[in-house]
Amino acid sequence: MTHLSEQEQEKLDAAVMRRLIDHLDSNKDAQNIDLMILAGFCRNCLGKWYKAAADELGLDVSDNEARERIYGMPYDEWKEKYQTPATPEQLAAMEARAQAGK
């Protein structure tokens, strides 16, 4: 890989993040619990990481604003429209993942 300048790397990282957010927005059927089971992170994690990055950079971004950036709408609205109740199988898989991580 060609060595990128810090500015080029940040620009590339930002473009990939935007693409990830767009991809998740286009796949609302991918439930957060499924993302957690498979990948160990979900939209809520991305919102927390977004907020933490804003804090590190001294930017005034609230938890709700960070979450809205990731979800593309207020979190409560997204939950009402797209979140489905977790199945017993999903809950068991999430618990198994949590136990494996200990």
Residues (in a loop (DSSP other than H, G, I, E, B) and either surrounded by 15 or more Cβ atoms within 10 Å (Cβ to Cβ) or of a type outside the set (A, V, I, L, M, F, W, C) (or both)) located in the stretch 31-44: Gln31, Gly40, Cys42
The stretch 65-95: number of residues that are surrounded by 15 or more Cβ atoms within 10 Å (Cβ to Cβ), hydrophobic (A, V, I, L, M, F, W, C) and in a helix (DSSP H, G or I): 5
Residue among Ala98, Ala14 that alone is in a helix (DSSP H, G or I) and modelled with pLDDT under 95: Ala98
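The values are calculated or read from the model by the stated rules, or taken from the named source; none is laboratory data. In this text the structure is predicted, and so the values were computed from the model without any measurement. Please note: Cβ atoms are built from the backbone with ideal geometry, for glycine as well, and neighbour counts cover all protein chains shown.
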